[in-house]
Amino acid sequence: TAFHKYNLSLGAGLMEVAGKVFRIGHLGDLNELQAAAAIAGAEMAMIDNGIKLKPGSGIAAASEYWRKAIKE
């Protein structure tokens, strides 16, 4: 599992998004660099479970967004 292999806490989507999304456990304290690590870990876990995606695509999209959105 992602937790045992990568020490990453993922949860299932709830109610109307059950089976469509997952949640990243962060206990309410998360910055962009921590989110980047969680996204990278989620990508690795998805690939480990046979989900076909381009490695690094999620973190590439997130970092591009943050670079544009975060003001100095």
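For the chain, what is the calculated [θ] at 222 nm in deg cm²/dmol (nearest 500), taking -39500 (n - 2.57) for each run of four or more DSSP H residues and dividing by its residue count?
-15000 deg cm²/dmol
Dipole check for the chain: with +1 at the C-beta of Lys and Arg, -1 at the C-beta of Asp and Glu, and the Cα centre as origin, the magnitude is about 180 Debye. Computed over the chain, the percent of Cα pairs more than 16 Å apart is 55. Between helix 32-48 and the chain there is an angle of about 30 degrees, using the helix long axis and the longest principal axis of the Cα atoms. As I understand it, the dipole of segment 2-69 uses +1 on the Cβ of Lys and Arg and -1 on the Cβ of Asp and Glu, about the Cα centre. Which of A60, A12, A38 lies farthest toward its positive end? Among A60, A12, A38, the one farthest towards the positive end of the dipole of segment 2-69 is A60.
Relative contact order of segment 2-69: 24 percent, from C-alpha pairs under 8 Å at least 6 residues apart in sequence.
No lab work stands behind these numbers, since they all come straight from the coordinates. Note that this is a predicted model, so its numbers are computed, not measured. Using ideal geometry, Cβ is built from the backbone for each residue, glycine included, and neighbour counts are taken over all protein chains shown.
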